[in-house]
Amino acid sequence: LCWRPLGQGEFADVPLVRVARNVYTAQLPTAPAGAFALEYYIQVTTAGGRELRWPATAPKLNQTVIVLPAVK
């Protein structure tokens, strides 16, 4: 998994860990307090050496996640 704060800097790589069948998990650093947005894409290399990315438009156009502060 490649991620970065929304629109800022270089992408950092975090390994995906297989949980079951087609389910994977990744551990990201703790988000700072308050609202925080990040963008990410997934990149894998097949056994045959082919690189695949999701979404196909990455790294120019990625998926976005917005983390909101907890409601008390």
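The values are calculated or read from the model by the stated rules, or taken from the named source; none is laboratory data. This one's a predicted model, so the numbers in the text were calculated from it and none came from an experiment. With ideal geometry, Cβ positions are generated from the backbone for all residues, glycine too; neighbour counts draw on all protein chains shown. For accessibility, only protein heavy atoms count, side chains too; no ligands or nucleic acids. Shrake-Rupley method; radii C 1.70, N 1.55, O 1.52, S 1.80 Å.
For the chain, what is one quarter of the convex hull surface built on the Cα atoms, given in nm²? Display every interim value, and only then the final one.
Working: hull surface 25.0 nm².
For the Cα atoms of the chain, the hull's average projected area reads 6.3 nm².
Which value does Rg/Rh take for segment 31-72 over its C-alpha atoms, Rh per Kirkwood? If you can, show how the numbers build up before the last one.
Working: Rg = 14.9 Å, Rh = 12.3 Å.
My calculation of the ratio gives 1.21.
Assuming R0 = 25 Å, can you tell me the calculated FRET efficiency for the pair ARG50 and THR30, based on Cβ-Cβ distance, to the nearest 0.05? Spell out each step's value before the answer.
On the way: r = 34 Å, r/R0 = 1.36.
The formula returns an efficiency of 0.15 here.
Measure off 7 Å from each Cα along the Cα-to-Cβ vector at VAL71 and GLN43, then give the distance between these two points in nanometres to one decimal.
The modelled label-to-label distance comes out at 3.8 nm.
Leaving out ligands and nucleic acids, and using a 1.4 Å probe, what accessible area per residue does the chain come to in Å²?
Values: 5700 Å² over 72 residues.
Computed with neighbouring chains in place, this is 79 Å² per residue.
Below 8 Å, C-alpha to C-alpha, sequence gap of six or more: please give me the relative contact order for the chain in percent. All intermediate terms of the calculation are to be shown ahead of the outcome.
On the way: 103 pairs, mean separation 21.5, N = 72.
About 30 percent, as a whole number.
Between VAL17 and GLN63, 0.36 nm times their residue separation minus their Cα-Cα distance comes to what?
Details: separation 46, 0.36 × 46 = 16.56 nm, distance 1.93 nm.
Value of the extension gain: 14.6 nm.
Under unit Cβ charges (Lys, Arg +1; Asp, Glu -1), what dipole magnitude, rounded to 20 debye, does the chain have relative to its Cα centre? Numbers along the way, then the final one.
Numbers: 7 positive and 4 negative charges, 45 e Å.
Here the chain has a charge dipole of around 220 debye.
What part of the accessible area of the chain, given as a whole %, is carbon or sulfur when the probe is 1.4 angstrom?
Working: 3250 of 5700 Å².
The nonpolar share, carbon plus sulfur, comes to 57 percent.
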